[in-house]
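As structure tokens, the structure follows; a few thoughts come after it.
Values in this text are rule-based calculations from the coordinates and carry no lab data. Remember, it's a predicted structure, so these values are computed and weren't measured experimentally. Here the Cβ is made from the backbone with ideal geometry for all residues, glycine too, and neighbour counts use every protein chain on show.
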């Protein structure tokens with residue numbers, strides 16, 4: 001009976017019975033499997049190791065690259081510019097959009113620069129988590145500078161400015177939604 005078990009084990013399983021005595025299991029040796037008939041059989045373990053190494057390297061690359069991408073956040077547009085630089089850029093845009101005259105340009109730029117400076121002071125006064133207290137001051141600031149702009153701009157230009165602001169607000173809402 002021991003020989004029958006030994007023969008079953010060794011037939012096709014790669015386990016050989018080298019001088020096994022009937023009924024003894026101590027003589028079973030684990031040997032290399034018999035040579036496969038597949039031509040690339042000896043190459044298969046190498047490919048398996050290569051696949052495993054590739055998967056490990058890919059996982060390592062993903063885990064180390066993801067945090068570095070998350071840390072390289074770009075600053076919002078205008079965050080790095082001074083109020084004077086932003087006022088100049090806005091004045092140039094308003095000149096082309098509203099058709100400001102040479103006389104209106106410096107007046108509008110000084111109004112915008114004062115407004116942006118005051119807005120920057122409000123942003124520094126109220127930290128990001130406590131912006132609710134800023135709303136009344138923000139509305140007052142906007143109203144004050146809108147009156148100054150109304151005095152410099154023609155009624156048509158001011159109406160066009162309000163339309164541009166409304167379009168900008170709508171674009172921001174649409175961007176937040178989707």
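At 0.36 nm per residue, and after removing the present C-alpha to C-alpha distance, how many nm does the segment from residue 164 to residue 146 gain when stretched out fully?
Numbers: separation 18, 0.36 × 18 = 6.48 nm, distance 1.39 nm.
Between residue 164 and residue 146, full extension yields 5.1 nm more.
Calculated FRET efficiency, residue 58 and residue 177, Cβ-Cβ r, R0 41 Å, to nearest 0.05? Before the final figure, lay out the partial values.
Numbers: r = 36 Å, r/R0 = 0.87.
In this case the efficiency is close to 0.70.
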What do you get when you divide the Cα radius of gyration of region 83-177 by 2.2 N^0.38 Å, with N the number of residues?
1.15
Expected sort for 108-119, 164-175, 84-95, 144-155 on mean C-beta neighbours within 10 Å, highest first, is 108-119, 84-95, 144-155, 164-175
Order by neighbour count: 101, 96, fewest other Cβ atoms within 10 Å first, most last.
96, 101
